[in-house]
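Here is the structure we will look at, set down as structure tokens.
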Amino acid sequence: MTAPIRRRTRAREVALQVLFQFDLRGADYAQELSRTTRELCAEECPDEPDVVEFAVRLVEGTLAHRDDIDQRLQAVTRNWDLRRMANVDRNVLRMAIYELMHCRDVPPKVAINEAIELAKKFSTANSGGFVNGILDRIRIDLEAARTGSAADAAE
């Protein structure tokens, strides 16, 4: 018997599916379907409003900060064009980076571990290690920046 899937894990899976579609179909994907992000997420889990809320937060936040996220991702993946990266990996990374940067209620270790599990489940056998390495580097950079900002503010 398998353990029931946790709500936020389910929300991340739903968000990943929607982000994947946005990435493949372009920014007009939701308008093309005449649906909002909320409706797209709700289709996947109609009886779970808390799952929908977190999934919508992840999708909308990731899309709103995508340029900044992609810059940070590109800086860490030197000599690696983001377009060459597997679509699933790229979107798992984007969503996890959004969580690391903007979701103070999600511990960094949780965001990274969830991203690793998503990559393992929906991408290749090597994706878990790939995602782990990139996100750990970004986590370290973000912590250094926050520590530096706190030190600067204290002076």
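Loop-located GluC sites (Glu not before Pro) in the range 64-151 (DSSP state not H, G, I, E or B) with no more than 16 neighbouring Cβ atoms inside 10 Å do not occur.
For the pair T124 and R25 in one chain, pulling the backbone fully straight at 0.36 nm per residue adds 33.5 nm over the alpha carbon distance.
The mean accessible area for residues of the range 1-144, using a 1.4 Å probe and ignoring ligands and nucleic acids, is 55 Å² per residue. Rolling a 1.4 angstrom probe over the chain with all protein chains present gives an accessible area of which 50% lies on carbon and sulfur atoms. Solvent-accessible surface (1.4 Å probe) assigned to D136 amounts to roughly 60 Å². Projecting the Cα atoms of V51, T62, A119 onto the dipole axis of the range 1-140, where Lys and Arg carry +1 and Asp and Glu carry -1 at the beta carbon, places A119 farthest toward the positive end.
Its Cα centre serving as origin, the chain has a Cβ charge dipole (Lys and Arg +1, Asp and Glu -1) of approximately 460 debye. Here the contact order of the chain, divided by its residue count and restricted to Cα pairs under 8 Å and six or more residues apart, works out to 20 percent.
If you take all other residues with their beta carbon under 13 Å from the beta carbon of F54, and give Lys and Arg +1 and Asp and Glu -1, the sum is -2. Note on M85 and D105: with the Förster distance fixed at 41 Å, the Cβ-Cβ geometry gives a FRET efficiency of about 0.90.
Applied to the range 46-52, the Karplus parametrisation 6.51 cos²θ - 1.76 cosθ + 1.60 on θ = phi - 60° returns per-residue 3J(HN,Hα) values of x, 9, 10, x, 5, 5, 4 Hz, with x for Gly and Pro.
The values are calculated or read from the model by the stated rules, or taken from the named source; none is laboratory data. In this text the structure is predicted, and so the values were computed from the model without any measurement. Glycine also receives a Cβ, built like all others from the backbone with ideal geometry; neighbour counts cover every protein chain displayed. Ligands, DNA and RNA are stripped out before the accessible areas are found, and what is left, the full protein with its side chains, is counted by its heavy atoms. Shrake-Rupley method; radii C 1.70, N 1.55, O 1.52, S 1.80 Å.
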